[in-house]
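The values are calculated or read from the model by the stated rules, or taken from the named source; none is laboratory data. All values derive from a computational prediction rather than experimental measurement. Cβ coordinates were reconstructed from backbone atoms using ideal geometry, including for glycine residues, and neighbour counts include every protein chain displayed. Surface areas here come from the heavy atoms of the whole protein model, side chains and all, with no ligands, DNA or RNA. Shrake-Rupley method; radii C 1.70, N 1.55, O 1.52, S 1.80 Å.
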Amino acid sequence: SSLGSAVILNPEGYLLTNNHVIAGADEIQVALKDGREALATVIGADPETDLALLQIALENLPVIDLNGPQPVNVGDVVLAIGNPLGVGQTVSMGIVSATGRTHLGIATFENFIQTDAAINRGNSGGALVDTRGHLIGINTAILSQDGNWQGIGFATPASIAREVMSDLIEHGRVIRGYLGVSVQDINPTLAETFGMDDVVGGVVTEVVSGSPAQDAGQQAGDVLIGIDGNTMKDGYEAMNRIAGTEPGTKLTLNVRRNTQELDLDVTIGTRPPANES
């Protein structure tokens, strides 16, 4: 058994939480602050963002606004709500320490809000809200040497949560774009090897057979510098851009092959589910 938190998003009883909170569970019991309890049904899960959507059959549910009108900025005051260490509903206050955090190894697709609002075991899946009560993120993870709170927590932005929830309701899984390559970030040594003046993009280390990338003529050893003329700072940004593109969309990959720069036209496919990719 384990404890976690969740956020009620509409009167139909949809709740967002973290996938790691409910993964492998035979039964999920949801307890509200007003004392009511209900068994939850898993509508769908997305391991690649560590989010999951549940539904409970209760009436008169308190609902949080998922559509906050203001952008999230560093220095904004935020509140983390959840059930840390099983003590009961708790609110902690902090600020937004950073936005757009990636390369953390928490999920496949990362774009985290970093906060110093206290997040402990049991807070996972809870709400990160602004001072107006708008949901700005789903508390997901902490960075810690011993597993205890050390002032560095991460929340999945509400914009990503909204897209994941919509796809899980409509399709039962998240629909993402697919290129069919593995990419390694460029570093100064690799940039020098490829004769590049700037350390940008990523080296294609593998092209999947039968993938959109292979159909477009992509080869292992290519450097994916940009997409549609927009420079990608690293391979991670490029893969996030592809994943966020609607399948069937035509893009131009800006590639460096040996010392030549090429443009490859590609039609983006549909990314296989996480357990099949």
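Computed over segment 181-277, the Cα gyration tensor eigenvalues convert (square root of 5λ each) into semi-axes of 22, 13, 13 Å, ordered from largest to smallest.
Computed with every protein chain present, the accessible area of Arg101 is close to 100 Å² [probe 1.4 Å]. Dipole magnitude for segment 153-277: computed about the Cα centre from +1 point charges on Lys and Arg Cβ and -1 point charges on Asp and Glu Cβ, it is near 300 debye. The spacing between segment 11-57 and segment 164-241, judged by their C-alpha centroids, is 33 Å.
Orientation-averaged projection of segment 67-165 equals 6.1 nm² [convex hull of Cα atoms, one quarter of hull surface area]. The H on the amide N of Asp222, modeled in the peptide plane, is under 5 Å from the matching H of Val204, each at least 5 residues off or on a different chain.
Calculated FRET efficiency, Glu261 to Gln145, Cβ-Cβ distance, R0 = 45 Å: about 0.55 to the nearest 0.05. Heads up, I need the accessible area for Tyr178: 1.4 angstrom probe, whole protein in place, Å², nearest 10. About 50 Å², rounded to the nearest 10. Accessible surface comparison of Asp34, Asp222, Asp130, Asp215, probe 1.4 Å, protein chains only, largest first: the order is Asp215, Asp34, Asp130, Asp222. Across segment 38-55, coupling constants 3J(HN,Hα) worked out from phi with the 6.51/-1.76/1.60 Karplus curve, θ = phi - 60°, read 7, 6, 9, 9, 7, 6, x, 9, 10, x, 6, 10, 6, 10, 9, 10, 10, 9 Hz, and Gly and Pro carry x. For the pair Val63 and Ile175, a Förster radius of 35 Å applied to the C-beta separation gives a FRET efficiency near 0.85, rounded to the nearest 0.05. The C-alpha atoms of the chain occupy a region whose extents along the principal axes are 66, 36, 35 Å, arranged from largest to smallest.
Of Pro157, Pro188, Pro247, the residue with the greatest mean-square motion in the GNM of the chain, using alpha carbon springs below 10 Å, is Pro188. Summing Cβ point charges (Lys, Arg +1; Asp, Glu -1) relative to the Cα centre of the chain gives a dipole of roughly 420 debye.
When Met165, Met93 are compared by accessible surface with a 1.4 Å probe, the order from highest to lowest is Met93, Met165.
Comparing mean-square fluctuations of Lys250, Lys233, Lys33 from a GNM of the chain with C-alpha springs under 10 Å, the top value falls on Lys33.
Estimated from helical segments only, the mean residue ellipticity of the chain at 222 nm is -3500 deg cm²/dmol, where each DSSP H run of four or more residues counts as -39500 (n - 2.57). Taking the chain as the reference, fit the longest principal axis to its C-alpha atoms, fit the long axis of helix 158-171 to the helix C-alpha atoms, and give the angle between the two in degrees, 0 to 90, nearest 10. Helix 158-171 and the main axis of the chain meet at about 90 degrees.
In order along segment 105-112, phi translates into HN-Hα couplings of x, 8, 9, 5, 10, 10, 7, 6 Hz, rounded to whole numbers, per the Karplus curve 6.51 cos²θ - 1.76 cosθ + 1.60 with θ = phi - 60° and x for Gly and Pro. Its Cα centre serving as origin, segment 15-139 has a Cβ charge dipole (Lys and Arg +1, Asp and Glu -1) of approximately 260 debye. If the chain linking Gln184 and Leu32 were pulled fully straight, counting 0.36 nm for each residue of separation and taking away their Cα-Cα distance, it would gain 50.2 nm.
Structure remark: mean-square fluctuation, Gaussian network model of the chain, C-alpha springs under 10 Å; the largest value among Ala158, Ala220, Ala80 belongs to Ala220. Segment Ile95..Arg132, full-extension length gain: 11.9 nm, with 0.36 nm per residue of separation and the alpha-carbon distance subtracted.
Its alpha carbons give segment 162-238 an Rg and a Dmax of 15.1, 47 Å. Taking all protein chains as they are arranged and a probe of 1.4 Å, the heavy atoms of Val42 leave approximately 70 Å² accessible to solvent.
Taking the square roots of five times each eigenvalue of the Cα gyration tensor of segment 1-123, the equivalent ellipsoid has semi-axes of 24, 18, 15 Å, listed largest first. Stokes-Einstein at 25 °C, 0.890 mPa s, Kirkwood radius from Cα pairs: D for segment 113-232 in µm² s⁻¹? My calculation gives 137 µm²/s for D.
Coupling constants for segment 118-134 follow from the phi torsions by the Karplus curve (6.51 cos²θ - 1.76 cosθ + 1.60, θ = phi - 60°), and in residue order they are 4, 10, 10, 4, x, 7, 4, x, x, 8, 10, 10, 8, 6, 9, x, 7 Hz; glycine and proline get x. Between the residues Val266, Gly226, Ile142, the greatest Cα displacement towards the positive end of the dipole of the chain, with unit charges on the Cβ of Lys, Arg, Asp and Glu, is found for Ile142.
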